[in-house]
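Peer 1: Okay, here's the structure, questions in a sec.
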Amino acid sequence: MAVQEQAPADGLKQFSVLGVPVHLAENYSSWLLSRAQQKQGCHVVTLNAEMTMQAEQDPRLAQVIHQAELVIPDGAGIVFYLKLYGKHIERRPGIELAESLLQAFGQSPALGSVFFFGGAPGVAEQAAAIWKVRSPQLTIAGIQHGYLAPDDQPQLERLLKELQPTLILVGLGVPRQEFWIAEHRHLCPQAIWIGVGGSFDIWAGTKVRAPEFFRKNHLEWLYRLYQEPWRWRRMLALPKFALKAVLYRLKALQ
Ligand code: UDP
């Protein structure tokens, strides 16, 4: 499967990684903020090797990724894949994109309000409290933990519809958060919706992000394995992805 380069009408270059798209922009947060100013909604997917492998097995997930207006290269595997085709791109971790948007929303209250959804009870509240200190002008319209009973979902839906936040961070883990966003984004059509995985845990301090050395050397996954060894089975997707990437590349060269 070759890397196909496309330049769609919205100006973002797009590459295919094992069948799912990844978009390239000089500055993702500026791109998103200009969309926000024009009140154009957006679903942001933060793509890594694990999610790409899941999408290969699950056409519903692949479809959700295809429908997202912005797919950013979150993982070292995606950067590695594109490098095999001579495309040198920089990794953009989703948590950093979310942080730069929260900062921008704090600096320009006219952009609207934010909503935190996900994490264990108390975690998103703690993350919101940290953000209120970091960015006192930030308007946090609402907070909801991620373990809602199905009977309580309609109340959350009503709340979102009423509040119309313009930045909605959803931290339910992959792929639950991607499906949830795809299903609910019509409730706030002008909002930027991002699946942020465990970002609330990091901001709240219940989990620690890999130190700089690991991040710089594309070894964040190794630190994660050390912190959460129970993930080893899930993380087998990483070597499988790397092997697949190399085999596809060799095939394309023949
Ligand atoms: N989570 C949640 N509801 C659920 C399952 C998970 O809110 O039903 C939260 C969990 O508390 C954690 C996040 O989703 O904060 C998943 O974090 P992880 O780092 O595992 O994300 P991933 O690696 O899947 O992106």
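Peer 1: When residues of segment 100-144 are filtered for being open to solvent by 50 Å² or more (accessible area, probe 1.4 Å), in contact (Cβ under 8 Å) with a residue 12 or more places away in the chain and either touching a Leu at 6+ places or on another chain (Cβ under 6 Å) or of a type outside the set (D, E, K, R) (or both), how many remain?
Peer 2: 10
Peer 1: Any chance segment 110-117 includes a residue that's within 13 Å of the ligand (Cβ to nearest atom), at negative phi and not in a strand (DSSP E or B)?
Peer 2: no
Peer 1: In addition: Name the pairs: first residue in segment 207-232 and closer than 13 Å to residue 91 by Cβ, second residue open to solvent by less than 50 Å² (accessible area, probe 1.4 Å) and not hydrophobic (A, V, I, L, M, F, W, C), Cβ to Cβ under 6 Å, at least 6 apart or on different chains?
Peer 2: What qualifies is 210/220; 210/223; 214/220; 214/223.
Peer 1: Restricting attention to segment 216-229, which residues are farther than 23 Å from residue 126 by Cβ and assigned to a helix (DSSP H, G or I)?
Peer 2: Within segment 216-229, 216, 221, 222, 225, 226, 229 qualify.
Peer 1: Still on this model: If residue 250 satisfies all but one of (1) open to solvent by 20 Å² or more (accessible area, probe 1.4 Å); (2) part of a loop (DSSP other than H, G, I, E, B), what's the number of the condition it fails?
Peer 2: (2)
Peer 1: Which numbered condition in (1) within 16 Å of the ligand (Cβ to nearest atom); (2) surrounded by 16 or more Cβ atoms within 10 Å (Cβ to Cβ); (3) modelled with pLDDT of 95 or more is the only one that residue 152 fails?
Peer 2: With respect to (1) within 16 Å of the ligand (Cβ to nearest atom); (2) surrounded by 16 or more Cβ atoms within 10 Å (Cβ to Cβ); (3) modelled with pLDDT of 95 or more, residue 152 is out only on (2).
Peer 1: Given the condition within 12 Å of the ligand (Cβ to nearest atom), of a type outside the set (Asp, Glu) and under 21 Å from the mean Cα position of the chain (by Cα), answer yes or no: does some residue in segment 126-139 qualify?
Peer 2: yes
Peer 1: Could you grab me the full set of residues in segment 233-247 that are within 16 Å of the ligand (Cβ to nearest atom), open to solvent by 80 Å² or more (accessible area, probe 1.4 Å) and free of Cβ contacts under 8 Å to residues at least 24 places away in the same chain?
Peer 2: Matches in segment 233-247: 233 only.
Peer 1: For segment 165-184, check the following and say yes or no: at least one residue is touching a Ser or Thr at 6+ places or on another chain (Cβ under 8 Å) and hydroxyl-bearing (Ser, Thr, Tyr).
Peer 2: yes
Peer 1: When you go through 121, 150 one by one, which is the residue that is farther than 20 Å from residue 190 by Cβ and more than 22 Å from the chain's Cα centre (by Cα)?
Peer 2: Answer to the selection: 150.
Peer 1: Also, quick follow-up: Does residue 163 satisfy the criteria of being out of contact with any Cys (no Cβ under 6 Å at 6 or more places or on another chain) and closer than 13 Å to residue 116 by Cβ?
Peer 2: yes
Peer 1: Would you point out which residue out of 96, 157 is without any contact (Cβ under 8 Å) to a residue 40 or more places away in the chain and loosely packed, with under 14 Cβ neighbours inside 10 Å?
Peer 2: 157
Peer 1: While we're here: If you scan segment 160-209, which residues turn out to be open to solvent by 20 Å² or more (accessible area, probe 1.4 Å), of a type in the set (A, V, I, L, M, F, W, C) and within 13 Å of the ligand (Cβ to nearest atom)?
Peer 2: Within segment 160-209, 172, 174, 179, 180, 202, 208 meet the criteria.
The values are calculated or read from the model by the stated rules, or taken from the named source; none is laboratory data. Owing to the predicted nature of the structure, the values given are computational and were not obtained by experimental measurement. A quick note on method: Cβ atoms are made from the backbone with ideal geometry, for glycine too, and the neighbour counts reach across all protein chains shown. The accessibility values were calculated without ligands, DNA or RNA, using every heavy atom of the protein model including side chains. Shrake-Rupley method; radii C 1.70, N 1.55, O 1.52, S 1.80 Å.
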